[in-house]
Amino acid sequence: MITTKKVIIPRKSDEVASTAVKDLWGSVYPGAWIKLLDFALLITFLLLVLTGQKVFYFHLIFVILTLGAFYWQFHAFLPRATIYVTLTTAVLLGFVLIDVIEAEELVEIPMLVSILLLVFVIAQQRGKAEDALRKVNEELEQRVAARTADLLLEVKERRHTEQTLRESEECYRHLVELSFETIFIHTDDDLLYVNPSGMKLLGVTNASQLTGKSLLDFVHPDYSDIVRARLGQIKHETKGAPLAEGWFVRPDGASVDVEMVTIPIIYHGQLAMQTVARDIRPRKQAEQARMTERVAIARDLHDSLGQSLGYLHLKLDEIADNSFVQKKADLHKDLVRMRDVANEAYEQIRGMLAALMPANTIPLAKVLRDQAKVISRQSHFRLQVVNHGEESSLLPILQQQLLWLCREALMNIVKHANAQQVKIELWWTTEHLIITITDDGCGFDTNAPRPTTSFGLRIMQERAAQLAGILSIQSGTGQGTVVTLHIPLAVSAN
């Protein structure tokens, strides 16, 4: 709520009304007031000369001069005072000589002149002080007016800010209430708010069944220590906790698989936490169904195509080792190649089985060495596989994608490079895997336009992008080629 202070600006009429009447008259009719004083002096002087009340009109002249001291400037006051004091003194001196008045009356003239001068000085000082005060008042009025304008603008801006804040809060409230995600607002001990999706997740019809209780009351015992530690970390470090999985327990005892994230917020002026939870039971069910389907496909491949290729491989091996066939050089050579192709196809099927059935995953370096043996025999170049660092266990599908990427790179070398030496290096770290495939072949210009029918490099780049990796190729005509694949090990392939 905004409180505004009422500012009263003094009006000119109030200031004028509070001053003496002479200021009002002098400010409105200064010329008339001066003329009136001059007329009064002249009349009084004539009365002094013509009437018998010499002493009275003598004093009255000094009174008028004293009054004029408050209005005349120095250049106007001095000649008037000089003239009338001189004339009055001369007249009184004449009346003393003819015994009309007593000589003692002349004694007052120096004293009255001194008083008149003192009054004039006081009046001038007062005038200057009033001018200074008037300027200060005007400056103060300007400052008050400017400050009032600033206050009005500030009030307007604050009202606009409050309106914007109310609209933002209203939008946030609607967003929270209509969100498909579960949203809890809570402190360490109490649930302060639960949105409708949260009530649905926990199987209640009224938020009062949840508010006032601790969030930990609805966390599965197996995860309560983890959640408590996360909440304590958020409270002390005032930053959000990363996404994590857990179980909620509904009031009816049923468990709900969720993933949740918590951040610190200000709720109704106090520090609180907001936890957003998502029901991942459908995802878990889909993953289980997908795994079941993969196992079924793997079983079918093993029982059909895998066994057929295995039988073909054994028969070709048997025929190739036959002494009669060995005497036929061309036939033996063709049979050996057929055997190698059948063996390669069989290894591909085994790789697919390993991807579909995680328990059968073979180390990546071993699979690459097996592929290297087959491909090097077909292409007549020497292929070396080198492992650097401690090899990590890969997700089966990720490993299969990497094998396809490496195979595509090797097949490009077979088709285009005319290489003699090929080297595959695997650089393992805790967070990344870097694969380099280097050949000493003819190389190519990486900036030259590629044929529209060339799909190998594009497919490799697409596979790398699916793995959140980076594929780079360095080559030059006659300089060989280096293919580098940078893959984060945290990637999750679907």
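The values are calculated or read from the model by the stated rules, or taken from the named source; none is laboratory data. Every value quoted in this text rests on a predicted model; they were computed, and no experiment measured them. All Cβ positions, even for glycine, are placed from backbone atoms using ideal geometry, and neighbour counts span all protein chains on display.
Miscellaneous remarks
- Unique match (being of a type in the set (V, I, T), part of a helix (DSSP H, G or I) and exposed (fewer than 13 other Cβ atoms within 10 Å of the Cβ)) among T82, T44: T82
- Single match in L92, L116, L87 (criterion: modelled with pLDDT of 80 or more and more than 60 Å from the chain's Cα centre (by Cα)): L87
- Restricting segment 415-429 to residues that are of a type in the set (V, I, T) and touching a Gly at 6+ places or on another chain (Cβ under 9 Å) leaves a set whose member that is surrounded by the fewest Cβ atoms within 10 Å (Cβ to Cβ) is T429.
- Reported count of residues in segment 378-407, each being in contact (Cβ under 8 Å) with a residue 24 or more places away in the chain and outside any helix (DSSP H, G or I), is 15.
- Boolean, E104 is charged (D, E, K, R), in contact (Cβ under 8 Å) with a residue 40 or more places away in the chain, in the same structural domain as D38 (by TED's automatic domain parsing) and in a helix (DSSP H, G or I): no
Each row is one residue, and each column tells you yes or no for (1) over 18 Å from F39 (Cα atoms); (2) out of contact with any Lys or Arg (no Cβ under 9 Å at 6 or more places or on another chain); (3) not assigned by TED's automatic domain parsing to the domain that holds I34.
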{"site": "F58", "(1), (2), (3)": "no, yes, no"}
{"site": "I61", "(1), (2), (3)": "no, yes, no"}
{"site": "L65", "(1), (2), (3)": "no, no, no"}
{"site": "Y71", "(1), (2), (3)": "no, no, no"}
{"site": "V85", "(1), (2), (3)": "no, yes, no"}
{"site": "V91", "(1), (2), (3)": "yes, no, no"}
{"site": "V119", "(1), (2), (3)": "yes, yes, no"}
{"site": "K135", "(1), (2), (3)": "yes, yes, no"}
{"site": "E139", "(1), (2), (3)": "yes, yes, no"}
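- Segment 213-244 - residue that is charged (D, E, K, R) and outside any helix (DSSP H, G or I) and, of those, surrounded by the fewest Cβ atoms within 10 Å (Cβ to Cβ): K239
- Residue identified as in contact (Cβ under 8 Å) with a residue 12 or more places away in the chain and not in a loop (DSSP other than H, G, I, E, B) among S197, S168: S197
- The condition of being surrounded by 12 or more Cβ atoms within 10 Å (Cβ to Cβ) and without any contact (Cβ under 8 Å) to a residue 60 or more places away in the chain holds for only one of V155, V113, that being V113.
- A single member of T66, T89 is assigned to a helix (DSSP H, G or I), of a type in the set (V, I, T) and in contact (Cβ under 8 Å) with a residue 40 or more places away in the chain, and it is T66.
Condition check ((1) more than 24 Å from L65 (Cα to Cα); (2) of a type outside the set (S, T, Y)) across all residues:
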position: I83; (1), (2): no, yes
position: L93; (1), (2): no, yes
position: I98; (1), (2): yes, yes
position: P110; (1), (2): no, yes
position: R126; (1), (2): no, yes
position: Q163; (1), (2): yes, yes
position: Y172; (1), (2): yes, no
position: L175; (1), (2): yes, yes
position: F180; (1), (2): yes, yes
